[in-house]
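The values are calculated or read from the model by the stated rules, or taken from the named source; none is laboratory data. None of the values given here were measured: they were computed from a predicted structure. Here the Cβ positions follow ideal geometry from the backbone for every residue, glycine too, while neighbour counts run over all protein chains shown. The protein model used for the area step is the full one, side chains on, heavy atoms only, and it has no ligands, DNA or RNA in it. Shrake-Rupley method; radii C 1.70, N 1.55, O 1.52, S 1.80 Å.
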Amino acid sequence: MGVYLDDIPLVSKSTFNSYGYELDRVDVLRGAQGTLYGINTEGGLVRQYTKNPMTYQGTDIRLGVGSHFYRKAEVAHYHKFSDRFALSLAGFYQGQNGFFRNQTTGDRADESNEAGGRLRLVMQPSDRLTLNLMADYQWVRQNGFNYGLLDMDTQKAADPATNRQGNYKRNMLNTGLSMKYRGDWADLSYTLSWQYLKDDMLMDID
């Protein structure tokens, strides 16, 4: 299955689990999509589109808080300079303290934090040509693998007690340029993208 963000492919499967925000729509295309999107789309395609600054302007702010100090903040600004050029800037943060504490290390076994930002530029040099430049960065630091022994008599699991706290870290940057030309008899499109991914998983369950 393939996943695209603003017509930019997310190539690595490790980037599919990304934070989605300021989305305008999501298209789910079932079945093989190799004719238009090439290999790795035999099982279908998911296309995510953020709000287009050409058609949406203003500033959005979203704040949230929940149990175990779950917190979330999203800020985005959309500005249209002219009929030919517009941009959007967006950022987010999400975190939680978690529900479990590692009895050996004292750390919160499922604490998580993630943050990132996105820049999108939309240019329309003519009525037929549209250029879309997107750069999206996301950072993730999650504690995890909070497993505990299951007591078969009480059917209750013990709190995690590993000698090292398992976690997952990720730095990810997706950027690309898509160009579309609307002709009288056919539409032409071209996409150039570059992806940086550096992640590290520490799993210790002894």
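Please indicate, with yes or no, whether at least one residue in the range 145-156 is crowded, with 16+ Cβ neighbours inside 10 Å and closer than 25 Å to T50 by Cα.
No, that holds for no residue.
Looking only at the range 16-46, which residues are surrounded by 11 or more Cβ atoms within 10 Å (Cβ to Cβ), within 18 Å of the chain's Cα centre (by Cα) and outside any loop (DSSP other than H, G, I, E, B)?
Answer for the range 16-46, where residues must be surrounded by 11 or more Cβ atoms within 10 Å (Cβ to Cβ), within 18 Å of the chain's Cα centre (by Cα) and outside any loop (DSSP other than H, G, I, E, B): L23, D24, L45, V46.
Say whether the condition of being surrounded by 14 or more Cβ atoms within 10 Å (Cβ to Cβ) and either among the charged types (D, E, K, R) or more than 26 Å from the chain's Cα centre (by Cα) (or both) is met by at least one residue in the range 195-206.
No, the range 195-206 contains no residue that is surrounded by 14 or more Cβ atoms within 10 Å (Cβ to Cβ) and either among the charged types (D, E, K, R) or more than 26 Å from the chain's Cα centre (by Cα) (or both).
So which residues in the range 96-146 are more than 21 Å from the chain's Cα centre (by Cα) and of a type in the set (F, W, Y), if there are any at all?
Answer for the range 96-146, where residues must be more than 21 Å from the chain's Cα centre (by Cα) and of a type in the set (F, W, Y): F99, F100, F145.
Take the range 93-125 and flag every residue that is of a type in the set (A, V, I, L, M, F, W, C) and under 26 Å from Q165 (Cα atoms). Break it down stepwise before answering.
Going residue by residue through the range 93-125, those that are of a type in the set (A, V, I, L, M, F, W, C) are 99-100, 109, 115, 119, 121-123.
Across the range 93-125, the qualifying residues are F99, F100, A109, A115.
Do you know which residues across the range 102-127 are modelled with pLDDT under 95 and either in contact with a helix residue (DSSP H, G or I) (Cβ under 6 Å, 6 or more places away or on another chain) or surrounded by fewer than 16 Cβ atoms within 10 Å (Cβ to Cβ) (or both)?
Within the range 102-127, Q103, T104, T105, G106, P125, S126, D127 qualify.
Answer yes or no: is there a residue in the range 128-137 that is farther than 20 Å from Y4 by Cα and either at pLDDT 90 or above or open to solvent by 20 Å² or more (accessible area, probe 1.4 Å) (or both).
Yes, the range 128-137 contains at least one residue that is farther than 20 Å from Y4 by Cα and either at pLDDT 90 or above or open to solvent by 20 Å² or more (accessible area, probe 1.4 Å) (or both).
Anything in the range 60-89 that is surrounded by fewer than 17 Cβ atoms within 10 Å (Cβ to Cβ), of a type in the set (G, A, S) and either touching a residue at least 40 places away in the same chain (Cβ under 8 Å) or part of a strand (DSSP E or B) (or both)? List them, or say none.
G64, G66, A73
K13 - would you say it is out of contact with any Ser or Thr (no Cβ under 7 Å at 6 or more places or on another chain), at pLDDT below 85 and either more than 19 Å from L177 (Cβ to Cβ) or open to solvent by 70 Å² or more (accessible area, probe 1.4 Å) (or both)?
Yes: the conditions hold for K13.
For the condition buried (at least 18 other Cβ atoms within 10 Å of the Cβ) and either touching a residue at least 24 places away in the same chain (Cβ under 8 Å) or farther than 24 Å from S18 by Cα (or both), what is the one hit in F99, F92?
Details: F99 fails: buried (at least 18 other Cβ atoms within 10 Å of the Cβ).
When all the criteria are applied, what remains is F92.
Can you tell me which residue among Y93, Y49 is in a strand (DSSP E or B), within 28 Å of G2 (Cα to Cα) and at pLDDT 95 or above?
The match here is Y93.
From (1) touching a Gly at 6+ places or on another chain (Cβ under 8 Å); (2) part of a loop (DSSP other than H, G, I, E, B), pick out the condition that doesn't hold for N163.
Going through (1) touching a Gly at 6+ places or on another chain (Cβ under 8 Å); (2) part of a loop (DSSP other than H, G, I, E, B) one by one, N163 breaks only (1).
Kindly list the number of the only condition in (1) closer than 23 Å to L197 by Cβ; (2) open to solvent by 70 Å² or more (accessible area, probe 1.4 Å) that fails for Y168.
(2)
Can you name the condition, by its number, that L149 falls short on among (1) closer than 30 Å to K198 by Cβ; (2) at pLDDT below 90?
In the conditions (1) closer than 30 Å to K198 by Cβ; (2) at pLDDT below 90, L149 misses (1) alone.
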